[in-house]
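The values are calculated or read from the model by the stated rules, or taken from the named source; none is laboratory data. Since the model is a prediction, treat every value here as computed from it, not as a measurement. Cβ: placed from backbone, ideal geometry, glycine included. Neighbour counts: every protein chain shown.
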Amino acid sequence: MIRHIDAIASRRDASLHIIKEDGIQGFGWGYPRDVADFIGSSIPYKSQRRAIKEVLCAMNGGSNIAFGAEEVGVRPEFRGRGAGKFLILKLVEDGQRQGRISLVWTRWDAVLAPICLNFGYTQVYGPEMCLREGGFELTGQILVGTHPRMSERVLFAAPR
Ligand SMILES: CC(C)(COP(=O)(O)OP(=O)(O)OC[C@H]1O[C@@H](n2cnc3c(N)ncnc32)[C@H](O)[C@@H]1OP(=O)(O)O)[C@@H](O)C(=O)NCCC(=O)NCCS
């Protein structure tokens with residue numbers, strides 16, 4: 001893991017944010033990467049990958065290099081205090097400083113998904129989510145498709 005983090009930190013324009021309070025309580029990292037790589041095998045169908053790549057590149061001003069928000073994590077005992085939102089916001093800002101959209105893979109039933117919706121991310125893949133008072137709901141529509149074995153998977157893009 002240390003080697004993995006070192007490799008990420010040495011990438012050009014990479015960001016690593018840490019929340020320190022009596023030790024490390026949370027982290028978030030991301031870096032610019034080709035949209036096609038970011039989607040990679042997470043979407044098994046070529047036609048769907050192509051469709052999403054087109055949408056993302058259009059959102060990204062024609063460029064295929066987006067900012068991939070790769071990992072966000074907060075220690076269980078530190079959760080629910082805004083740290084996760086802070087880290088996500090930092091990664092979106094990093095992408096925006098570089099003039100890039102930020103991309104996040106998550107699951108519709110994970111805490112991160114409503115955070116992305118609240119921050120105005122556009123959902124581009126998976127079971128469509130929509131905000132409602134006090135939470136969110138699934139609209140019943142599917143955006144582009146779903147993964148055959150991980151149908152909860154959703155992909156979000158934050159504006160550049
Ligand atoms: C996702 C994660 C980073 C969120 O961190 P966090 O510090 O708890 O997030 P925040 O305190 O900023 O809370 C964000 C929102 O989620 C809500 N929330 C927090 N914990 C929740 C829970 N267990 N269930 C439902 N909602 C929850 C909060 O109410 C808040 O929304 P609100 O301010 O509109 O009420 C954290 O849950 C985590 O590390 N999860 C495991 C790793 C993971 O799933 N990472 C994401 C994939 S890479």
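Residue by residue through region 114-125, note down the ones that are surrounded by fewer than 22 Cβ atoms within 10 Å (Cβ to Cβ) and in a helix (DSSP H, G or I). 114, 115, 117, 118 - these are the residues of region 114-125 that are surrounded by fewer than 22 Cβ atoms within 10 Å (Cβ to Cβ) and in a helix (DSSP H, G or I). Tell me yes or no: at least one residue of region 70-79 is at pLDDT 95 or above, in contact with a strand residue (DSSP E or B) (Cβ under 6 Å, 6 or more places away or on another chain), more than 27 Å from residue 11 (Cβ to Cβ) and more than 10 Å from the ligand (Cβ to nearest atom). No, because not a single residue in region 70-79 is at pLDDT 95 or above, in contact with a strand residue (DSSP E or B) (Cβ under 6 Å, 6 or more places away or on another chain), more than 27 Å from residue 11 (Cβ to Cβ) and more than 10 Å from the ligand (Cβ to nearest atom). One residue stands out among those in region 61-94 that are in contact with a helix residue (DSSP H, G or I) (Cβ under 7 Å, 6 or more places away or on another chain) and in a strand (DSSP E or B): the one that is surrounded by the fewest Cβ atoms within 10 Å (Cβ to Cβ), which is 74. Just name the residue that is farthest from residue 123 (Cα to Cα) out of those in region 95-111 that are away from the ligand (no atom under 13 Å from the Cβ) and part of a loop (DSSP other than H, G, I, E, B). Within region 95-111, the match that is farthest from residue 123 (Cα to Cα) is 98.
Answer yes or no as to whether residue 158 is in contact (Cβ under 8 Å) with a residue 60 or more places away in the chain, buried (at least 19 other Cβ atoms within 10 Å of the Cβ) and under 19 Å from residue 42 (Cβ atoms).
Criteria met by residue 158.
The set of residues from region 126-143 being surrounded by 10 or more Cβ atoms within 10 Å (Cβ to Cβ), over 17 Å from the mean Cα position of the chain (by Cα) and over 15 Å from residue 116 (Cα atoms) comprises 139, 142. Can you pull out every residue in region 121-137 that is under 17 Å from residue 58 (Cα atoms) and not aromatic (Phe, Trp, Tyr)? The answer is 122, 123, 124.
Of the numbered criteria (1) in contact (Cβ under 8 Å) with a residue 24 or more places away in the chain; (2) over 21 Å from residue 30 (Cα atoms), the one residue 61 fails is (2).
Suppose we filter 74, 35 for residues that are within 16 Å of the chain's Cα centre (by Cα) and farther than 19 Å from residue 159 by Cα; which single one remains? Just one listed residue meets the conditions, 74. Answer with yes or no whether residue 52 is touching a residue at least 40 places away in the same chain (Cβ under 8 Å), part of a helix (DSSP H, G or I) and surrounded by 14 or more Cβ atoms within 10 Å (Cβ to Cβ). Taking the combined requirement at face value, the residue satisfies it.
Look at (1) exposed (fewer than 14 other Cβ atoms within 10 Å of the Cβ); (2) touching a residue at least 60 places away in the same chain (Cβ under 8 Å); (3) touching a helix residue (DSSP H, G or I) at 6+ places or on another chain (Cβ under 9 Å) and you find that residue 32 fails only one, number (1).
Taken over region 130-144, the criterion of being at positive phi and outside any strand (DSSP E or B) is satisfied by 134, 144.
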